[in-house]
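Notes for the one structure printed next.
The values are calculated or read from the model by the stated rules, or taken from the named source; none is laboratory data. All values reported here derive from a predicted model rather than from experimental measurement. We place every Cβ from the backbone using ideal geometry, glycine too, and count neighbours over all the protein chains shown. Just so you know, the surface numbers come from the protein's heavy atoms only, side chains and all, with ligands and any DNA or RNA stripped out. Shrake-Rupley method; radii C 1.70, N 1.55, O 1.52, S 1.80 Å.
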Amino acid sequence: LLCDACGWQADCPRCDAHLTVHFTPMPLLKCHHCDWQNPIPKTCPDCGSVNLDPVGMGTARMVEGLSVLFPDTAIIQIDRDTTKRKGSWEKLYEQIDNNPKAILVGTQMVAKGHHFPNVTLVAMPNADRGFLSADFRSPEHTAQLIVQVAGRAGRADKTGHVLIQTLQPENPALLTLVRHGYQTFAEQTLQDRRILGLPPFSHACLVRVEGKSLANNQAFLQQALALLPHRVTLTEMGVAVSGIVDAPMAKKNSRFHSQVLILSKNRTALHGLLDSWWEQALDLPAV
């Protein structure tokens, strides 16, 4: 929810996340991380303007827009809101069977093992967001999801078409996937991982700390890292330890999260290090 006058956004007070606008079963703002909820304000809390607009393109917003473009076509929403009640999937299947000319709008759960034989066109909006994530595994997962979703089009003997909407049509990873298929994409991804020394060419341990503040987390992790062998010894063991960083979502449900990444080319060396170090770290005062 965004104020056109001053730029205020509806943020979760307990998480580093924006609240999501929901209109059904009742209008409210909701955090998808901690489930905090609040009524939708009529005016901006900062400037008092009434120009509050829901922005972004979630499933509900997309259903709303498609209903205007295709007033005579059934628009069927498939997401967490419409499938959480008992018997909801059976009702959705019945609705889909009764409307052979329908538009299904959903999150990635649409692609997870469901067979819709009459689907011949699949469109993926914002398909490239996962290629820009800080998680090195995200491009791999995004490519798998794109292939999986594309597989919903043209089932059985029907011809299928797939449309991928992107803000980066020249993204090398996306172009490799579309032009040469997942096998070539995977081989290129493996080559990148090899150059960067990332799994599967190394073994990783991500140490996460949750505390009352980022300062507490920093102090705890500094004490924990001080218990490790000297850096020269770690290098001789083939172990590399990153600096202390905030988690991608540093604040979640009023708790703060920090992390340290440990990489090693030798799994035995990594496990040997963790076996002795972890017991000492657990004896440190909690944060």
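Quick notes
- Inter-label distance, nm, simple model (7 Å from Cα along the C-beta direction), S213/D246: 1.5 nm
- The range 49-183, dipole about Cα centre (Lys/Arg Cβ +1, Asp/Glu Cβ -1), debye to the nearest 20: 320 debye
- Calculated accessible area for the chain comes out at 62 Å² per residue, all protein chains present (probe 1.4 Å; ligands, DNA, RNA ignored).
- Of the accessible area of the range 161-240, computed with a 1.4 Å probe over protein heavy atoms only, carbon and sulfur atoms account for 57 percent.
- Scattering profile of the range 97-207 at q = 0.09, 0.12, 0.20, 0.22 Å⁻¹ [log10 I(q)/I(0), Debye over alpha-carbon scatterers]: -0.29, -0.50, -1.10, -1.25
- Sites H141 and V50 - FRET efficiency at Förster radius 35 Å, r taken between beta-carbons, to 0.05: 0.30
- Ranking L121, L2 from most to least accessible surface, computed with a 1.4 Å probe over the protein chains only, gives L121, L2.
- Cα-based Rg of the chain normalised by 2.2 N^0.38 Å, two decimals: 1.26
- Summary value for the chain: 14 percent relative contact order, contacts being C-alpha pairs under 8 angstrom separated by 6+ residues.
- Estimated from helical segments only, the mean residue ellipticity of the chain at 222 nm is -10500 deg cm²/dmol, where each DSSP H run of four or more residues counts as -39500 (n - 2.57).
- Across K30/K158; K86/K252; K84/K265; K84/K251, pairs whose alpha-carbon gap is larger than 32 Å: K30/K158; K84/K265
- Check: the chain dipole with +1 on Lys, Arg Cβ and -1 on Asp, Glu Cβ, in debye: 400 debye
- Taking the Cα atoms of the range 1-147, the ratio Rg/Rh between the radius of gyration and the Kirkwood radius comes to 1.00.
- Computed FRET value (nearest 0.05) for D283 with S254, which takes r as the C-beta separation and R₀ as 22 Å: 0.25
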